[in-house]
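The values are calculated or read from the model by the stated rules, or taken from the named source; none is laboratory data. Note that the structure is a prediction, hence the values are computed from the model and not measured. No Cβ is skipped: glycine too gets one built from the backbone with ideal geometry, and neighbour counts run over all protein chains shown.
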């Protein structure tokens, strides 16, 4: 099966993710894939959840924090500016406090809490997480392609969804029980109505957001996760470990893409020993990959003569990847 | 109770000292010990909340709830650290 077959046979898989160690070409492959799908007439949004996103570099266009920016017909790219999102969110909270209580200034203690909460390391991930839900809930596109962060972060991202979900379930249950006591008390006092629990509403909203995003990531029918690797020993071992971890989080792995394969044609000419050794090394590991992953490998992508930036290069790579 | 088992020493002066201690400092000592215990509980709650099923809220989302609890924050802080009063016993 090829990468093309996967897209043609499973048009319902609309959430596409590329994962793998840093620097193996996830951004390149997701951009290429997005480019090809857009050329097929699908509306595609390629977005980065990496705080050090590189979509701007590959498209040679500054798109950071600018929302969905059109690249070619049917293709949009977006880099989420987590810092700005956190700032906007903080201001929203401050404004809400001012509006609710008619203060003209947020109490100092509260304000310093808002400021310090935002310095938490998990804050950025959570903000991005939340931004992704916004993007996906709108549902404006046929395909959503995640340019995923390196493996460790991706796993953290997924495990966070599970932890959050369990946490919210617990706390929501507690809040509902508190509501029951309120109702009992109200009945005893012969009060007609119990005040709506705004906190419970917020908790349910949060729960809904978290569920939406973790469901998408682990939806076997609609999501496709591709691992990117290169023919080198350490990468193969790491990928194998990561694949096991992802399987544990129920992420549906659709296949593997082997990147940076040195072209065999090179052997024909007179080549330096250095290059010959590299080709031999790759051949050995390609053999390993074939024997362990076999038909789960959807594409072997050749190493190009230069780096992939700009649309003409992306087009050339798409040609090799899909035809 | 332990005091009764000890051999009596110091006579009237010691009795007087004990009375003064009982009248003035004993309550404060008790208060301090209790505050210390409450703080211990608070500390455990914060660090080990998961054990009781009270994981600490991820900060991104705790901010969403902040506006609703704003008026209670300082009272809550005091409450977490205060001595238990008679209503707690009734409850």
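Before moving on, here are some points about what is shown:
- The residue that is farthest from the chain's Cα centre (by Cα), among those in the stretch A:114-126 that are within 7 Å of chain B (Cβ to nearest Cβ) and either modelled with pLDDT under 85 or closer than 15 Å to residue A:214 by Cβ (or both), is A:117.
- Residue that is nearest to residue A:287 (Cα to Cα) [pool: residues in the stretch A:224-240 that are buried (at least 21 other Cβ atoms within 10 Å of the Cβ) and in contact with a helix residue (DSSP H, G or I) (Cβ under 8 Å, 6 or more places away or on another chain)]: A:231
- In the stretch A:263-280, the residues that are assigned to a loop (DSSP other than H, G, I, E, B) and either surrounded by 10 or more Cβ atoms within 10 Å (Cβ to Cβ) or at pLDDT 95 or above (or both): A:263, A:271
- Candidate set from the stretch A:181-231 (those that are modelled with pLDDT of 85 or more, touching a strand residue (DSSP E or B) at 6+ places or on another chain (Cβ under 9 Å) and outside any strand (DSSP E or B)); member that is nearest to the other protein chains (Cβ to nearest Cβ): A:222
- The residue that is farthest from residue A:28 (Cα to Cα), among those in the stretch A:117-148 that are in a loop (DSSP other than H, G, I, E, B) and out of contact with any helix residue (DSSP H, G or I) (no Cβ under 7 Å at 6 or more places or on another chain), is A:119.
- Hits in the stretch A:281-305 - residues which are crowded, with 18+ Cβ neighbours inside 10 Å and outside any helix (DSSP H, G or I): A:297, A:298, A:299, A:301
- Evaluation of residue A:106 against (1) away from chain B (no Cβ under 11 Å); (2) outside any helix (DSSP H, G or I); (3) touching a helix residue (DSSP H, G or I) at 6+ places or on another chain (Cβ under 7 Å) (one fails), failing number: (1)
- On inspection, residue A:61 does not qualify as assigned to a loop (DSSP other than H, G, I, E, B) and farther than 25 Å from residue A:127 by Cβ.
- Yes/no for residue A:318 being touching a strand residue (DSSP E or B) at 6+ places or on another chain (Cβ under 8 Å) and closer than 26 Å to residue A:27 by Cβ: no
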